[in-house]
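Trainee: Sharing a structure with you now.
No lab work stands behind these numbers, since they all come straight from the coordinates. Since this is a predicted model, take the numbers as computed values, not measurements. For neighbour counting, all protein chains shown are included, and Cβ atoms are generated from backbone atoms with ideal geometry for every residue, glycine included.
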Amino acid sequence: MSALTILLIALIALLAGMEGVLDQFQFHQPLVACTLIGLVTGHLQEGILLGGSLQMMALGWANVGAAIAPDAALASVASAIIMALALNGGATDSAKAITAAIAVAVPLSVAGLFLTMICRTLATAMVHAMDACAEKGDFAGIERWQYAGILMQGVRIAIPAVMLCIIPADAVTNALNAMPDWLSGGMAVGGGMVASVGYAMVINMMATKETWPFFILGFVLAAIPQL
């Protein structure tokens, strides 16, 4: 990858990490993050397809109380980079590259959860520093610590993203091509099941007698080939 491409990926990763706690512009959502990385790497169509698949999986991810959901930001950014590296290395089967990226998304989301826990632990010290600023009436100091905490969340995604970009594209492509058919086929089935599970989690949370008709209507409309 060129230096400009890596810089743009780092910027997208930074925004995705910050949006993981801000939730204002949704850069951390798979459909947005994967599409943007696909755009800057020259694989827009594949990025959209990957983002759409991962979005179905992440629909059921939500922070509930003290329970932190898997990290959609790192899963989206890292899996999109892996897909782009495979395609840049000469992978002719884009579907296989997308499938492999989907397969690594779940482990990456768990790794991102670990990084999130580290950042939130460090943020407790920042809160105490903000309390000290509040006692002195230093509102500018409070804002500086707020910006530092948000920036820390972005850096936790940007650093792994840049490290992935350094990996030679040929290495990713060779690993993808060396994958036996039974493994790639199993990953494809598993990726489809994970997306279904994510959607099922949403249904379990939202299922009411008022929403079931829309669920059924979706299957009816999906059966129309020309739609």
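Trainee: Under a crude label model (7 Å from the Cα following the beta-carbon direction), how far is D181 from T211 in nanometres?
Mentor: Modelled inter-label distance: 4.1 nm.
Trainee: If each of A132 and I159 carries a label point 7 Å out from its Cα toward its Cβ, how far apart are those two points in nm?
Mentor: Label at A132, label at I159, 2.3 nm between them.
Trainee: Label I150 and I48 with points 7 Å out from Cα along Cα→Cβ: what is the distance between them in nm?
Mentor: 3.0 nm
Trainee: Mind listing the phi-derived Karplus ³J(HN,Hα) values for the range 111-118, rounded to whole Hz, using 6.51, -1.76 and 1.60 with θ = phi - 60°, and x for any glycine or proline?
Mentor: 4, x, 4, 5, 5, 4, 4, 5
Trainee: Tell me whether the range 74-153 comes out rounded, prolate or oblate; compute the Cα gyration tensor, take square roots of the eigenvalues as a ≥ b ≥ c, and use a/c under 1.5 as the rounded threshold. All intermediate terms of the calculation are to be shown ahead of the outcome.
Mentor: Details: a/c = 6.90, a/b = 3.28, b/c = 2.10.
Verdict is prolate for the range 74-153.
Trainee: Using Stokes-Einstein with the Kirkwood hydrodynamic radius over Cα pairs, what translational diffusion coefficient do you get for the range 1-133 at 4 °C and a viscosity of 1.567 mPa s, in µm²/s rounded to a whole number? Write down the numbers at each step before the final one.
Mentor: Working: Rh = 15.3 Å.
This corresponds to a translational diffusion coefficient of 85 µm²/s.
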